[in-house]
1. Considering only residues that are in contact with a helix residue (DSSP H, G or I) (Cβ under 7 Å, 6 or more places away or on another chain) and surrounded by fewer than 18 Cβ atoms within 10 Å (Cβ to Cβ), which ones fall in segment 46-67?
2. Let me spell it out: the conditions are (1) at positive phi; (2) buried (at least 19 other Cβ atoms within 10 Å of the Cβ), and residue 193 meets all of them except one. Which number is the exception?
3. So which residues in segment 145-162 are in a strand (DSSP E or B) and surrounded by fewer than 23 Cβ atoms within 10 Å (Cβ to Cβ), if there are any at all?
4. Looking at 39, 8, 16, 43, which one is surrounded by 16 or more Cβ atoms within 10 Å (Cβ to Cβ), within 17 Å of residue 248 (Cα to Cα), at pLDDT below 90 and out of contact with any strand residue (DSSP E or B) (no Cβ under 8 Å at 6 or more places or on another chain)?
5. Considering 133, 112, which residue is in contact with a strand residue (DSSP E or B) (Cβ under 9 Å, 6 or more places away or on another chain), surrounded by 16 or more Cβ atoms within 10 Å (Cβ to Cβ) and part of a loop (DSSP other than H, G, I, E, B)?
6. If I filter segment 267-283 for residues that are more than 13 Å from the chain's Cα centre (by Cα), surrounded by 13 or more Cβ atoms within 10 Å (Cβ to Cβ) and modelled with pLDDT under 90, do I get at least one hit?
7. Among the residues in segment 100-111, are any over 22 Å from residue 238 (Cβ atoms), assigned by TED's automatic domain parsing to the domain that holds residue 220 and modelled with pLDDT of 90 or more?
8. Looking for whichever is at pLDDT 90 or above and closer than 21 Å to residue 93 by Cα here; the options are 151, 135. Which one fits?
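The values are calculated or read from the model by the stated rules, or taken from the named source; none is laboratory data. What you are looking at is a predicted structure, and each value in this text was computed from that prediction instead of being measured. Ideal geometry is used to build each Cβ from the backbone, glycine not excepted, and the neighbour counts take in all protein chains shown.
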């Protein structure tokens, strides 16, 4: 990560680690920044843990850090803190009052656990299904990873339970036609006092941006940029959930870094499209 991103992430990560540390124990042998960099490298590039470059700490230490702190909800807590900062910067309350939900099926590798993989008959995919809940800006609120055979309505119930653990001011949830039905809307209203509104596509054979639904679709697109999430390479679905939270922290850290340190248009050069040094010298 860049220095600007580390400036954003360092205080948040240090405070979260102090809050969720269970015992004094032995301190880490490696600094926090290279450990986070290594985990981000794995999530972004989709490599195996054993393939972590030698520039980072040993892969055994990186994996142990990822496993230990993911079990203690480090990426979730980081995401919640970064999302609150982004919402306050946009002039919104830190606690959202509306959410948008959607699901996405992803193929699984052959070593994924048999009991956590299913077949999605609609998408013709054998793997897992990611149930996402985001706010109106597209920032992740909750995620549930299940077998692909799990119905969207059941996934919404699991999402509502996750949302109730953290957010107490939600009033409305927007969803597509896959979540329609009076029994589900009644259940959500009774259990969580939240109104479920279905936003149907006006014409199934015509491309048109659907209000509200495009936000969560864009969030799905953000996640698909991370190669570790394009396909399920984890044995357990809980590990895939942790990877989604880590990707969410990367997305929001970069956004906050651009806000606090905007690029100078006079000195900024695009990453691509520059002539090669040999070609520039020849001309």
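1. Our first condition is that a residue be in contact with a helix residue (DSSP H, G or I) (Cβ under 7 Å, 6 or more places away or on another chain); within segment 46-67, this holds for 46, 49-50, 52, 56-57, 59, 62-63, 65-66.
Residues satisfying the conditions are 46, 49, 50, 56, 63.
2. (2)
3. As a first pass, look at segment 145-162 and keep what is in a strand (DSSP E or B): 145-147.
Passing the criteria: 146, 147.
4. It is 16.
5. Working: 133 fails: part of a loop (DSSP other than H, G, I, E, B).
Exactly one of 133, 112 is in contact with a strand residue (DSSP E or B) (Cβ under 9 Å, 6 or more places away or on another chain), surrounded by 16 or more Cβ atoms within 10 Å (Cβ to Cβ) and part of a loop (DSSP other than H, G, I, E, B), namely 112.
6. Filtering segment 267-283 down to residues more than 13 Å from the chain's Cα centre (by Cα) leaves 267-283.
When the remaining residues are screened for being surrounded by 13 or more Cβ atoms within 10 Å (Cβ to Cβ), the result is none.
Checked against the condition, which is being more than 13 Å from the chain's Cα centre (by Cα), surrounded by 13 or more Cβ atoms within 10 Å (Cβ to Cβ) and modelled with pLDDT under 90, segment 267-283 yields no hits at all.
7. Checked segment 100-111: at least one residue is over 22 Å from residue 238 (Cβ atoms), assigned by TED's automatic domain parsing to the domain that holds residue 220 and modelled with pLDDT of 90 or more.
8. Numbers: 151 fails: closer than 21 Å to residue 93 by Cα.
Residue meeting the stated conditions: 135.
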